[in-house]
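Comments concern the structure below.
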Amino acid sequence: MAILFPAMLNDTLPKYFDPRKYAAQEVSIEGRLLLKQFPELCAALASDEGDAFVHLDFRVDEDRRYIATGSIKSTVQLECQRCLEPAPIELEVDLSIGFVYDEDHAKNLPGDYDPVVMTDGEVVLAEMVEQELLLALPIVAYHAESGCNPVALKYASSTDDAPDDENKPNPFSILASLKAKKN
């Protein structure tokens with residue numbers, strides 16, 4: 001039977017949590033965290049406006065590991081690589097986390113789980129969410145072509161400004177004429 005804490009349903013999430021306690025009680029938490037709370041993530045974004053919706057279900061698995069499954073959803077603004085304007089990018093991360101005491105325990109975790117190291121038995125929720133969102137960012141971001149600024153696209157395209165090949169003199173035409181005289 002999962003326990004939902006009433007305080008955690010009104011979009012207030014704990015700053016720290018003890019995965020062992022939450023897993024033993026099969027707690028579910030959900031709420032929103034402001035993107036402004038994530039300094040590393042905001043450095044990669046075009047805007048720090050918005051939030052991340054977090055849902056986690058904690059339990060102890062059959063091998064007595066403390067785990068959490070859930071998701072993180074957010075819409076972030078990244079710089080479009082075509083027009084250099086902010087582009088909204090939907091991030092949706094499915095989580096399957098195994099909480100461990102140190103890196104040695106992380107090596108023994110099955111591949112199904114992403115390891116999260118507990119510091120003194122606790123985890124800082126915002127740091128964990130930020131790391132997951134950073135990993136979910138695309139390498140490059142683009143608007144749909146119809147969403148880009150048309151003026152910026154004109155300058156981004158080199159085909160419009162390229163001179164015609166017919167107007168350029170052939171740099172080897174002199175050699176061709178010398179060869180023709182030789183024959």
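Side notes on the structure shown:
For every residue, the table says whether it meets (1) closer than 19 Å to ALA24 by Cβ; (2) modelled with pLDDT under 90; (3) small (Gly, Ala, Ser).
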residue: ARG65; (1), (2), (3): yes, yes, no
residue: THR69; (1), (2), (3): yes, no, no
residue: LYS73; (1), (2), (3): no, no, no
residue: CYS83; (1), (2), (3): no, yes, no
residue: VAL93; (1), (2), (3): no, no, no
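- In summary, helices (runs of 4 or more DSSP H) completely within the range 39-150 and bearing 2 or more residues that are touching a residue at least 12 places away in the same chain (Cβ under 8 Å) and within 22 Å of LYS15 (Cβ to Cβ) occur at 39-44, 125-136.
- In this structure, LYS36 qualifies as farther than 18 Å from GLY121 by Cβ, free of Cβ contacts under 8 Å to residues at least 60 places away in the same chain and loosely packed, with under 15 Cβ neighbours inside 10 Å.
- Scanning the range 34-63 for residues that are under 25 Å from ASP112 (Cβ atoms) and either of a type in the set (A, V, I, L, M, F, W, C) or modelled with pLDDT of 90 or more (or both) gives ALA52, PHE53, VAL54, HIS55, LEU56, ASP57, PHE58, ARG59, VAL60.
- Yes/no for ALA126 being aliphatic (A, V, I, L, M) and touching a Lys or Arg at 6+ places or on another chain (Cβ under 8 Å): yes
- Number of the condition not met by GLU30 [criteria: (1) closer than 24 Å to VAL117 by Cα; (2) buried (at least 19 other Cβ atoms within 10 Å of the Cβ)]: (2)
- Consider the range 73-131 and keep the residues that are among the small types (Gly, Ala, Ser), more than 16 Å from PHE38 (Cβ to Cβ) and surrounded by 19 or more Cβ atoms within 10 Å (Cβ to Cβ). The one that is nearest to the chain's Cα centre (by Cα) is ALA87.
- Subset of the range 74-124 (residues that are under 21 Å from TYR22 (Cβ atoms) and of a type in the set (Asp, Glu)): ASP94, ASP102, ASP112, ASP114, ASP120, GLU122
The values are calculated or read from the model by the stated rules, or taken from the named source; none is laboratory data. Everything numeric here is computed off the predicted structure, so don't read it as measured data. Note: ideal-geometry Cβ built from the backbone for every residue, glycine included; neighbour counts use all protein chains shown.
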